[in-house]
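Reading through the structure tokens given below for one structure.
The values are calculated or read from the model by the stated rules, or taken from the named source; none is laboratory data. Since we're looking at a predicted model, the values are computed, not measured. Because the Cβ atoms are built from the backbone with ideal geometry, glycine has one as well, and the counts that use them run over all protein chains shown. Just so you know, the surface numbers come from the protein's heavy atoms only, side chains and all, with ligands and any DNA or RNA stripped out. Shrake-Rupley method; radii C 1.70, N 1.55, O 1.52, S 1.80 Å.
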Amino acid sequence: MNKFLAGVAVVSLCAVGAPVSAETAEEVATVFGARQTVFSVSLSPSGTKLAYVGNVGAGGEALYTVDLERGTPPQQAMAALDPMSDLAYCNWITDERLVCQTYLRRKDQSIGQYIGASRMISVNADGTDPDVIEGRASMRALGNIYYGGGIVSLNAEGDDSSVLVTRSYTKESSLNTRLANQKAGLGVVSHDVVTGKEKSVESPDEDAIAYIADDAGAVRVKGTLNASPSGYARDTVAYFYRERDSQRWQPLSRAEIDSQTVDGFEPYAVDAMRNVAIGFDYGEKGFTNLYSIALDGSQTKTLLLSAEGADVDGLVTIGRRQRVIGASFATEKRLVKYFDTELRDLAAALGNALPGKPLINFVGASEDERKLLLIAASDVDPGMLYLFNRDTNQLNPLLPVRETTDGRKLAEMKPVTFPAADGTRIPGYLTLPVGSDGKNVPAIVMPHGGPSSRDEWGFDWLVQFFAARGYAVLQPNFRGSAGYGKEWFGKNGVKAWQTAIGDVNDAGRWLISQGIADPDKTAIVGWSYGGYAALQSQVVDADLYKAVVAIAPVADWRQLLDEERNTSSYRLVQKFVGDGPHLDHGSPMRNVAAFSAPVFLVHGTADNNVDVEQSRQMEKALKSAGKRVEYVEYEGLAHSLHDGAARKEMLVKIDEFLSANLGS
């Protein structure tokens, strides 16, 4: 049973303990390998009931509901225990009924790859009367429907018990019948979660990929992406809008895309009262800004927020209507600029009042927004979920986001910069073991995934594991990272891999030059693109890192393209990685002769982000070249290895590998 804390005002929640240096690797791995307690939360319209998706067992998820007025313990209402399925989130529609989103993975034997699918389920708070929200099933269907829909609005226009959801349609055979469905594409239906009745809101459009409703529940924006005759998605998304009380679609914007980036106005929300679409686009200085575009026919574009030296990349919304209350960007820490002055002042007051002055994130609200759910978190605190009553000014702690670390002293993450070979200052985060003076210690460079991503200040379970085992950890936001504008992103971390990997290696050199790292006990660990960077660092400088750990890495860019050839996004991936000699020189599998350090590979067999064959073939290539390599494979697990038992085992094995090869 999850720990559930009840009804007190602002208090110190976490005891500060001393570092536990005598712990075994297995004990530390148990703490940090365990998945978090809370994945998503929702507050009922009345504000009297809480729902959250939490962990159950090593790799399952469950919906838990709590009657906050009665103070009863969490009740498990529904669970997803199959390792090939995930319960992602659940939202209250009424005070008695919720809608949940599930994701599934199944192997398509015809292409030998895992295919993702999704389904939505409505269910009572006690788990009774589950109902899959889907269209009619027909033996005449001429295709499979993998996408089971998503939520467009939690409040269908003028109906408290209905939700707007997208619906995929496929044509049906008309042989011997006139009743076959001849429509295909993505549409929108209004689904009543109490009666199960539905009505069509938007007819299916074969090119549609998304719909956006305003905060009053009316569909106002549609995104389209058409395909080439070969079935591959093209590289331009076209957005259309409707004026208020109109059914006519008009052009809004066009955005050029590849598999990871967007260039052009991308709408995220619609404010009904102001009659504007709100979204992101590049500004004149090459940074992403937040804009509004009028939906009255004038299409007047207004700058809402920009940030010096950073991309504004997060939209902050609240409540079942997803009212826009601010936007965020990351510098050394993530900052929120609130448009709602009352919530701005409340967030500041709570952040200053709570122990450690954590960052405040509003994650739920009652219908009238008088009761708020918020998470307070920092680098040394994975987070505590609170309920705040604006009428009584009472803040009640509910439960920790991650139970296993509750009360444990964690290592602080400090923003740093270091020089690249060309003098460019590279930002990153340095975490030292608790109690360490940061001198001549075993060290790990940990490049992030993506590469169109970045590391941020905050709790990181992998970093904290290594810090607890005595390692300094440096996370570089190398050139090619997102969040720092177009110039920093450059051609991206694949086409310009020399720059990205050069920065990653300069991170290790800096640790050594500053006397932080013992040069004989310095390693590199990465996941996804970070795993690629860890491997490719050996191609550039085989003597720098004495051990390499790559989790779910890309090892060969040409092999990646071959693996994507059967997907509709193939051309977008091809556009992102490009073509030319950089794919050969930049693929560690094609350059294993350069390797010197031992390599540890980890991969899940159900990974549909980076196919498991990347690690299998990398292991084979290293062995054929007479290099030292170990490989651990987890059956049925996806890219994130979302299983506590597997993560614990992986951490122990990595710790053993590093200890054996670094003497740490």
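Listing for the model above:
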quantity: All Cα pairs of the range 275-353, percent lying beyond 22 Å; calculated: 29
quantity: Over 37 Å [Cα-Cα, the chain], rounded percent; calculated: 39
quantity: Computed [θ] at 222 nm, helices only, for the chain once each DSSP H run of length n ≥ 4 contributes -39500 (n - 2.57); calculated: -5000 deg cm²/dmol
quantity: Nearest-10 value in Å² for the accessible area of Phe595, using the 1.4 Å probe; calculated: 10
quantity: Radius, Kirkwood style, for the range 411-529 when every pair of distinct Cα atoms is counted (Å); calculated: 14.1
quantity: Accessible-area order (highest first, 1.4 angstrom probe) of the listed residues Val132, Val494; calculated: Val132, Val494
quantity: Net lengthening on full extension, Ala625/Asp437 (0.36 nm per residue, minus Cα-Cα); calculated: 63.6 nm
quantity: Protection proxy ranking, peptides 604-612, 101-109, 471-479, average beta carbon neighbours within 10 Å, highest first; calculated: 471-479, 604-612, 101-109
quantity: Heavy atoms of Val539: accessible area, 1.4 Å probe, square angstrom to 10; calculated: 40
quantity: Residue order for Ile111, Ile293 - accessible surface, 1.4 angstrom probe, largest first; calculated: Ile111, Ile293
quantity: Asp584-Thr72 pseudo-label distance in nm [points 7 Å out on the Cα-to-Cβ vector]; calculated: 6.8
quantity: Helix 529-540 vs. the chain, principal-axis angle (Cα, 0 to 90°, nearest 10); calculated: 30
quantity: Length added when fully stretched, Ala660-Ile512, from 0.36 nm per residue minus Cα-Cα; calculated: 51.2 nm
quantity: Helix 497-513 axis, angle to the chain major axis (alpha carbon atoms, nearest 10°); calculated: 50
quantity: Two-decimal log10 I(q)/I(0) for the range 483-611, as the Debye equation yields it once each C-alpha is a single scatterer, q = 0.17, 0.22 Å⁻¹; calculated: -0.92, -1.36
quantity: Distance in nm between pseudo-label sites at Ser568 and Glu635 (7 Å out along the Cβ direction from Cα); calculated: 3.3
quantity: FRET efficiency, 1/(1 + (r/R0)^6) with R0 22 Å, evaluated for Asn609 and Thr261 via beta carbons; calculated: 0.85
quantity: Rounded to 10°, Cα long-axis angle of helix 341-353 versus longest principal axis of the chain; calculated: 40
quantity: Part-to-part distance (alpha-carbon centres) for the range 56-126 and the range 265-322, which is given in Å; calculated: 32
quantity: Taking the C-alpha atoms of the range 207-366, convex hull volume expressed per residue in Å³; calculated: 142
quantity: Alpha carbon centroid spacing (whole Å) that separates the range 604-645 from the range 181-255; calculated: 39
quantity: Distance in nm between pseudo-label sites at Ala227 and Glu332 (7 Å out along the Cβ direction from Cα); calculated: 5.0
quantity: Size of electric dipole in the chain: Cβ of Lys, Arg +1 and of Asp, Glu -1, about Cα centre, debye, nearest 20; calculated: 580
quantity: With DNA, RNA and ligands ignored, accessible area of Glu456 (1.4 Å probe; Å², nearest 10); calculated: 70
quantity: Additional length obtainable on full extension of the chain from Ala349 to Ser298, 0.36 nm per residue less Cα span; calculated: 14.4 nm
quantity: Long-range tail of P(r) for the range 610-664 (Cα pairs > 16 Å, %); calculated: 54
quantity: Average accessible surface area per residue within the chain, 1.4 Å rolling probe, Å²; calculated: 42
quantity: Kirkwood-Stokes translational diffusion coefficient of the range 589-642, alpha-carbon pairs, 25 °C, 0.890 mPa s, µm²/s; calculated: 213
quantity: Rounded Å value of the spacing that divides the Cα centres of the range 497-521 and the range 433-487; calculated: 12
quantity: Portion, in percent, of the accessible area of the chain that falls on carbon or sulfur, probe 1.4 Å; calculated: 48
quantity: Accessible area, probe 1.4 Å, largest first, for residues Ser118, Ser200; calculated: Ser200, Ser118
